[in-house]
Amino acid sequence: MLTTSQSFTSRTSALVCWVCFVAFGSWYPFSFDGVSLSQALDIWLYSIGDRKAKTDILVNLIVGVPTGFLTYLWLSRFVGERFRRVFDTICIAGLSLLICLWVACFVEIGQVFFRGRDPSVVDSICQLLGSIAGMFALHILGDPTQKFDRKIQWNWDRLEWPERITGFGAVLLLTYQVWPLIPSISPSELKAKLALLISSFRVNEIAASWKSLSILSALGLALVFFLSSCTGFFYERICRKLITNNAIALRAILVVLFVFLEFSKLFIENRLPDLFTLFACLVGLTTGIAIGRKDID
């Protein structure tokens with residue numbers, strides 16, 4: 001069973017990671033635009049009259065739910081031991097509401113400082129309403145993490161330090177592959193992406209792209225290779241511990257999964273499958289699997 005200190009730390013980490021995740025997705029691709037804070041507030045406030053698509057409203061409502069859930073979960077451990085039951089609930093609800101309001105405003109106002117983003121008061125309100133729904137859900141259903149504390153701790157204790165580090169690298173790689181998690185299913189946009197993809201796979205285009213590869217792009221490919229190596233190592237070690245049979249089939253599944261993830265970028269906003277990234281990913285996975293296998297043998 002996790003101790004009180006460990007449980008509080010894990011809840012704090014989950015909340016901080018979620019807020020960073022939402023901010024990252026809302027501000028991507030980070031094309032900075034120099035405006036003052038007062039101008040940002042004015043732009044955000046005057047956006048209240050803008051019409052929003054139903055999909056935008058739905059997305060912001062959904063994004064707000066984990067914020068309220070995790071905030072209430074965090075404060076329930078931080079405040080709950082210091083007050084009586086009724087006063088405890090009032091304090092947790094009030095503080096959670098303030099934190100969720102700050103997160104919703106912080107994320108949307110922050111969009112003003114980046115070109116191509118669409119800050120909106122309506123989005124902040126939708127996120128706040130979603131957070132309230134998440135808070136109510138947790139208050140009514142109770143803390144679901146208590147059921148998994150022992151299992152999480154047991155699995156964590158079984159991992160050695162290389163597996164913990166490379167597991168974090170695997171999470172980073174998966175996040176990078178599907179970032180910014182904004183779907184792009186417009187028929188015209190898909191058609192344009194497919195045309196670009198087909199042309200980029202021609203031999204002359206591949207050669208031209210390789211010659212014009214910038215230092216920054218090369219560093220990005222090196223990072224993909226490193227994270228893929230971590231993923232392959234982690235996957236091999238975990239499979240050897242949990243599943244001893246069908247090792248070849250499991251490795252093939254991993255390769256197919258990452259090929260699928262690369263081409264799924266067709267359906268993600270501002271992303272396009274890249275042959276060099278796919279090659280770096282596959283070579284990295286193979287390298288990581290080989291190292292993990294040798295380390296065990």
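Every number in this text was worked out from the coordinates using simple rules, so none of it is lab data. Since this is a predicted model, take the numbers as computed values, not measurements. In this analysis, Cβ positions are derived from the backbone assuming ideal geometry, glycine residues included, and neighbour counts consider all displayed protein chains.
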| message | As a quick test, which of the pairs K54/K265; K193/K294; K241/K265; K193/K241 have an alpha carbon distance above 30 angstrom in this structure? | response | K193/K294; K241/K265; K193/K241
| remark: Here the Kirkwood hydrodynamic radius of segment 159-296, Cα-based and in Å, equals 16.1
| Computed FRET efficiency, Cβ-Cβ of D33 and L196, R0 30 Å: what is it to the nearest 0.05? | 0.65
| If the chain between T55 and L219 were fully stretched, how many nm would it gain, using 0.36 nm times the residue separation less the Cα-Cα distance? | 55.4 nm
| task | Give the span of segment 198-274's Cα atoms along each principal axis, as three whole-Å numbers ordered largest to smallest. | result | 44, 25, 25
| remark: The answer for trypsin sites (Lys or Arg not before Pro) in segment 192-297 that fall in a DSSP coil and have at most 11 neighbouring Cβ atoms within 10 Å is R202
| note | Percent relative contact order for segment 159-296, counting Cα pairs under 8 Å at least six residues apart, stands at 41
